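Reading through the structure tokens given below for one structure.
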């Protein structure tokens with residue numbers, strides 16, 4: 001089924017960083033809605049989804065004037081101090097419609113002119129490779145982070161069947177890393193994975209951060225609980241993974257694998273703080 005697309009005009013594009021991204025000054029969302037429609041997405045329990053007639057994952061609003069508004073918002077924000085951006089907190093900046101609109105690319109091009117202090121670009125789409133030429137121009141002002149919540153495709157399909165396959169994400173992240181771009185693999189939220197997961201990540205990223213429902217949904221796991229995610233774990237026979245201590249096992253595996261490699265490992269609500 002094709003998603004319902006709508007062009008909208010926004011009064012502002014930068015939102016003050018709060019909650020899970022409070023280590024950034026602002027979030028930047030070029031779209032509202034996300035067709036990846038992950039079953040565990042905390043945005044499902046936020047007003048933007050709860051008060052919409054269409055189901056989350058079936059609609060996308062395109063902020064057609066985003067670049068124009070961003071120029072104004074950046075100028076205003078810079079007057080108050082350093083500007084560090086999390087792009088994006090409630091949508092994916094590289095979901096399929098970006099191929100046609102090139103909206104995210106237009107924002108990056110503008111930011112090369114009106115350079116913020118730091119950009120953390122979060123996605124789960126291999127389309128991010130398209131803008132490698134721009135990332136190189138940002139140098140150390142940008143980090144490209146790929147969400148890789150598991151290395152098991154059968155698990156990915158159970159929780160986010162319309163999201164890009166894990167192998168494609170890993171391949172894209174590897175290309176970016178080898179191109180000299182600052183990268184991060186974000187295990188968020190942690191889903192059941194294999195013992196080989198840390199070894200696979202070791203070859204493709206410069207940093208790894210791990211997150212789970214209890215740390216990352218902005219409510220200590222309550223939003224996730226309302227989504228019926230636990231039932232998916234039970235259907236897979238993996239209910240032991242649905243608890244707030246599971247991440248510690250994977251974190252230990254990561255630290256054992258990455259010791260003395262120079263690759264940073266961390267636990268955070270939104271990834272590493274900007275440097």
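Taken together, the values in this text are just the output of simple stated rules run on the coordinates, not laboratory data. What you see is a predicted model; the values in this text were computed from it and never measured. Heads up, the Cβs are rebuilt from the backbone with ideal geometry, glycines too, and the neighbour counts pull from every protein chain shown.
When the chain is treated as a GNM with alpha-carbon contacts under 10 Å, the residue of 212, 151, 260 showing the greatest mean-square fluctuation is 260.
Spatial offset of segment 28-101 relative to segment 194-230 amounts to 21 Å, using the alpha carbon center of each. For the peptides 202-210, 120-128, the ranking by packing is 120-128, 202-210, with the highest mean count of neighbouring Cβ atoms within 10 Å listed first. Using a cutoff of 8 angstrom between alpha carbon atoms and counting only pairs six or more residues apart, the relative contact order for segment 4-267 works out to 17 percent.
Taking 7 Å steps out from each Cα toward its Cβ at residue 134 and residue 117 produces label points 2.3 nm apart. Global size of segment 84-185: 13.5, 43 Å for Rg and Dmax (C-alpha atoms, Rg to one decimal, Dmax whole). Put simply, when 239-245, 189-195, 142-148 are sorted by average Cβ atoms within 10 angstrom per residue, most first, you get 142-148, 189-195, 239-245.
Here residue 76 and residue 53 are evaluated by their C-beta separation; at R0 = 41 Å the FRET efficiency comes out at 0.75. Taking each residue as 0.36 nm, the span from residue 153 to residue 252 lengthens on full extension beyond its C-alpha to C-alpha distance by 33.4 nm.
Each peptide in 62-68, 79-85 receives the mean, over its residues, of other Cβ atoms within 10 Å, and ordering these scores from highest gives 62-68, 79-85.
Across the chain, the volume of the C-alpha convex hull divided among the residues equals 121 Å³ per residue.
Between residue 230 and residue 245, the modelled label-to-label distance comes to 1.7 nm, taking each label 7 Å out from Cα in the direction of the beta carbon. Computed over the chain, the per-residue total of -39500 (n - 2.57) for DSSP H runs of n ≥ 4 gives a 222 nm mean residue ellipticity of -9000 deg cm²/dmol, rounded to 500. Full extension of the chain segment joining residue 219 with residue 264 gains 13.5 nm, where the gain is 0.36 nm per residue of separation less the Cα-Cα distance.
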